[in-house]
Amino acid sequence: MSDRIVILGALSAIAEATARRFAASGAALVLVARDEARLKELAADLMVRGATCAHIALCDLAAEPDPEGRMRTWSDLLGGVSVALIAYGVLGDQAASEKDLALTQQQIAVNFTSAALWAQAAANLLERQRGGTLLVIGSVAGDRGRASNYVYGAAKAGLATLTQGIAHRLARSGARAVTIKPGFVDTPMTAGLAKGGPLWATPAQVADVIVRAAEKGGPVAYAPWFWRYILLIIRAVPAFLFHKTKL
Ligand SMILES: NC(=O)c1ccc[n+]([C@@H]2O[C@H](COP(=O)([O-])OP(=O)(O)OC[C@H]3O[C@@H](n4cnc5c(N)ncnc54)[C@H](OP(=O)(O)O)[C@@H]3O)[C@@H](O)[C@H]2O)c1
């Protein structure tokens with residue numbers, strides 16, 4: 001049962017929607033992010049919605065020197081972890097990161113390197129517990145490299161492969177790992193994009209997929225489900241045709 005939840009990047013729009021779902025079923029939560037005032041507001045809101053408790057923890061998730069130690073502390077607060085959700089990230093500016101390699105490095109450091117360390121720390125904890133679920137938010141952008149966002153996509157692809165490996169490693173331990181792959185979601189991250197139309201989802205729709213994945217399924221869950229088939233087609237397009245598109 002998903003009742004002891006650690007959320008890394010708890011102030012992302014998708015994480016907040018997911019936390020509300022867990023709170024409504026009486027979960028105990030540790031909310032990790034770097035804005036104390038907003039964390040306190042979120043924790044108070046989750047208590048009103050039914051959370052058993054909502055601890056807050058300040059952390060720059062891309063600069064934490066001891067992910068394993070912090071995971072152990074949060075686990076001790078909750079009496080074990082049933083779900084660890086990695087839900088932070090940056091979209092970055094593809095064109096700018098082609099010109100300035102420091103921006104490429106920064107995007108990969110946040111979206112892949114740091115998230116990979118948190119995923120390893122969570123996997124070690126869940127393996128020791130012999131139970132619980134690691135949920136990692138990737139992206140459909142990781143399924144095929146495209147000119148418009150391949151730095152972000154590559155980081156998410158690496159993270160998905162890492163999570164797939166963790167799922168394989170944990171299979172015999174009773175613990176699980178799932179990559180959540182959202183498509184377009186209306187959040188602050190996509191503020192610069194034209195929104196609307198049937199492909200756009202709300203954070204609440206993605207939260208539904210995440211909460212379901214906490215209980216069963218995986219090792220990959222597209223959010224919403226139809227992206228699995230869209231990406232199946234996109235991956236199948238031969239390069240000589242794909243390179244004629246502007247995606
Ligand atoms: N929106 C989409 O269309 C979409 C699609 C596919 C996948 N995703 C993925 O879904 C996840 C959630 O994104 P969202 O759309 O909900 O975005 P969001 O609302 O813009 O939230 C992104 C969050 O990441 C946090 N963050 C970034 N770097 C951090 C760091 N070093 N330490 C701590 N927190 C950090 C930000 O915190 P600060 O405010 O402190 O910077 C912010 O709360 C991300 O992994 C994203 O890549 C989103």
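The values are calculated or read from the model by the stated rules, or taken from the named source; none is laboratory data. Everything quoted here is computed from the prediction, not taken from an experiment. In this analysis, Cβ positions are derived from the backbone assuming ideal geometry, glycine residues included, and neighbour counts consider all displayed protein chains.
Values for this structure:
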read-out	value
Residue check, L91 assigned to a strand (DSSP E or B), touching a residue at least 40 places away in the same chain (Cβ under 8 Å) and either within 14 Å of the ligand (Cβ to nearest atom) or more than 16 Å from the chain's Cα centre (by Cα) (or both)	no
Which listed residue is of a type in the set (D, E, K, R), within 14 Å of the ligand (Cβ to nearest atom) and either under 21 Å from W118 (Cα atoms) or in contact with a Leu (Cβ under 8 Å, 6 or more places away or on another chain) (or both), from E36, E68, E41	E36
Residue within segment 114-127 that is more than 20 Å from W200 (Cα to Cα) and of a type in the set (D, E, K, R) present	yes
Failed item, numbered, when L77 is tested on (1) farther than 15 Å from A207 by Cα; (2) crowded, with 19+ Cβ neighbours inside 10 Å; (3) of a type in the set (A, V, I, L, M); (4) away from the ligand (no atom under 14 Å from the Cβ)	(2)
Cβ pairs under 6 Å, 6+ apart, first in segment 8-22 and touching a residue at least 60 places away in the same chain (Cβ under 8 Å), second near the ligand (Cβ under 8 Å from one of its atoms) and of a type in the set (S, T, N, Q)	A13/T187
Residue check for I56: under 16 Å from the mean Cα position of the chain (by Cα) and surrounded by 14 or more Cβ atoms within 10 Å (Cβ to Cβ)	no
From A87, A115, residue being surrounded by 18 or more Cβ atoms within 10 Å (Cβ to Cβ) and within 21 Å of D3 (Cβ to Cβ)	A87
In segment 198-238, the residues that are within 11 Å of the ligand (Cβ to nearest atom) and either surrounded by 17 or more Cβ atoms within 10 Å (Cβ to Cβ) or under 16 Å from the mean Cα position of the chain (by Cα) (or both)	A201, T202, P203, V206, A207, I210, Y222, A223, W227
Within segment 157-196, tally of residues that are basic (K, R), over 19 Å from A207 (Cβ atoms) and touching a helix residue (DSSP H, G or I) at 6+ places or on another chain (Cβ under 9 Å)	1
Criterion (buried (at least 18 other Cβ atoms within 10 Å of the Cβ), touching a helix residue (DSSP H, G or I) at 6+ places or on another chain (Cβ under 7 Å) and over 17 Å from T190 (Cα atoms)) met by exactly one of V140, V136	V136
Segment 181-194 residues that are aliphatic (A, V, I, L, M), paired with ones that are in a helix (DSSP H, G or I) and more than 7 Å from the ligand (Cβ to nearest atom) (beta carbon under 7 Å, 6 or more apart)	V185/V206
Unique match (being at pLDDT 95 or above, surrounded by 18 or more Cβ atoms within 10 Å (Cβ to Cβ) and not in a helix (DSSP H, G or I)) among L29, L46, L39	L29
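Here's the yes/no breakdown for (1) away from the ligand (no atom under 14 Å from the Cβ); (2) touching a strand residue (DSSP E or B) at 6+ places or on another chain (Cβ under 6 Å); (3) modelled with pLDDT under 95:
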{"residue": "T104", "(1), (2), (3)": "yes, no, no"}
{"residue": "V110", "(1), (2), (3)": "no, no, no"}
{"residue": "Q120", "(1), (2), (3)": "yes, no, no"}
{"residue": "L125", "(1), (2), (3)": "yes, no, no"}
{"residue": "G138", "(1), (2), (3)": "no, yes, no"}
{"residue": "A141", "(1), (2), (3)": "no, no, no"}
{"residue": "N149", "(1), (2), (3)": "no, no, no"}
{"residue": "A154", "(1), (2), (3)": "no, no, no"}
{"residue": "A157", "(1), (2), (3)": "no, no, no"}
